[in-house]
Amino acid sequence: MPGARLTHEERRRIADGLAEGLGYAEIARRLARPTSTISREVGRNGGPDGYRADPAQKATGERARRVRKTEPEPAAVRAFEEEFAAMMVRTGLPRMPARVLAGLLSSEHGALTAAELVHRLQVSPASVSKAVTYLEGIRLLRREKSGRRELYSTDDDVWFEACVGVTQVCEVWAGSARRGAALFGGTPAGRRLDEVGRYFECVGADMNEAAERWRQVFTARRTSGNLLSRAQDDPRPGLRT
């Protein structure tokens with residue numbers, strides 16, 4: 001079932017697949033699970049080189065117990081989703097894509113089927129379909145097969161991919177502006193277009209550098225797995241990351 005917790009046996013098969021040198025997609029195919037499920041599981045539990053089934057099973061149980069102790073009330077979750085969606089609408093995202101994204105971010109596994117989104121948001125399947133297509137177009141959502149159904153997910157990698165998409169837009173703007181500057185030469189229009197080109201070149205380069213830096217930092221944090229989790233939970237000063 002989409003979103004169901006991995007079993008101990010599945011974790012053993014993940015560990016075996018990593019030992020064989022298989023990629024996340026192939027392991028996911030063998031388990032009939034979304035690739036994002038496998039990547040998150042491995043990332044939370046030591047990374048490709050440190051993943052072990054037994055410690056992963058134990059750590060997952062411990063995390064689940066911590067979550068149950070602090071899990072918010074359903075009404076509070078719905079209120080937060082509406083507030084978060086409203087914030088995204090104010091900053092430019094259409095309302096239905098904003099609601100879908102807020103629902104995915106607030107869900108336990110960050111992944112839901114179309115039917116689950118329809119039930120969660122109390123909207124029509126057509127509304128969900130249009131919102132999913134929009135979010136996929138701007139790289140804020142990943143669509144994967146889960147048996148006969150599609151699973152929509154958002155994880156840490158999509159933010160990097162979305163930022164890359166924005167840098168590509170900046171490149172297009174910069175390129176067009178440069179061609180206009182060359183056409184108009186030293187005229188006011190040429191100077192204006194030259195400034196536009198320089199602006200988008202600068203912004204695109206800065207965003208690309210920031211996105212790459214985040215990917216490196218996140219990869220390091222993700223591969224640290226259980227060590228990072230223990231450090232964050234340790235109450236002693238100086239041990240929180």
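We did not get these values from a lab; they are worked out from the coordinates using the rules stated. Since the structure is predicted, the reported quantities are computational estimates derived from the model, not experimental observations. Backbone-built Cβ (ideal geometry, glycine too); neighbour counts: all protein chains shown.
Neighbouring Cβ atoms within 10 Å as the yardstick, rank Val42, Val164 fewest first. Present the calculation step by step, with values, prior to reporting the outcome.
Details: Val42 25, Val164 15.
Sorted ascending by nearby Cβ count, the order is Val164, Val42.
What FRET efficiency do you get for Thr133 and Ala32 if R0 is 25 Å and r is their Cβ-Cβ distance, rounded to the nearest 0.05? Let's see the in-between values first.
Values: r = 25 Å, r/R0 = 1.00.
FRET efficiency, Thr133 to Ala32: 0.50.
Modelled label-to-label distance, Glu150 and Ser176, 7 Å Cα→beta-carbon offset: nm?
The answer from the label model is 2.8 nm.
Within 10 Å of each residue's Cβ, count the other Cβ atoms and sort Glu20, Glu81 from fewest upward.
On the way: Glu20 9, Glu81 21.
So the ranking, lowest neighbour count to highest, is Glu20, Glu81.
With axes computed from alpha carbons, what is the tilt in degrees of helix 95-106 against the longest principal axis of the chain, rounded to the nearest 10 within 0 to 90?
40
How long, wide and thick is the chain, going by the Cα atoms along their three principal axes, in whole angstroms, largest first?
Principal-axis extents of the chain (Cα, largest first): 69, 42, 42 Å.
With Rg and the Kirkwood Rh both taken from Cα atoms, where does Rg over Rh land for segment 55-197?
Checking Rg against Rh, the ratio lands at 1.16.
Rounded to the nearest 10 degrees, what's the angle between the helix 188-224 long axis and the longest principal axis of the chain, both from Cα atoms, 0 to 90?
Result, in degrees: 10.
Given points 7 Å out from each Cα along the Cα-Cβ axis, report the Ala75 to Gln168 separation in nanometres with one decimal.
About 4.5 nm separates the two model spin labels.
Could you please state, rounded to a whole Å, how far the C-alpha centre of segment 164-190 is from the C-alpha centre of segment 4-45?
Here the two parts' Cα centres lie 45 Å apart.
Given the DSSP H assignment, sum -39500 (n - 2.57) over each helix run of at least 4 residues in the chain and divide by its residue total; what's the result at 222 nm in deg cm²/dmol, nearest 500?
Dividing the helical sum by the residues of the chain leaves -24000 deg cm²/dmol.
Assuming R0 = 45 Å, can you tell me the calculated FRET efficiency for the pair Arg192 and Ser124, based on Cβ-Cβ distance, to the nearest 0.05? Walk me through the numbers before you get to the answer.
Working: r = 46 Å, r/R0 = 1.02.
After rounding to 0.05, the efficiency reads 0.45.
Using only the Cα atoms, what convex hull volume per residue in Å³ does segment 8-70 have? Could the numbers behind the result be given before it?
Working: hull volume 5.0 nm³, N = 63.
Here the figure is 79 Å³ per residue.
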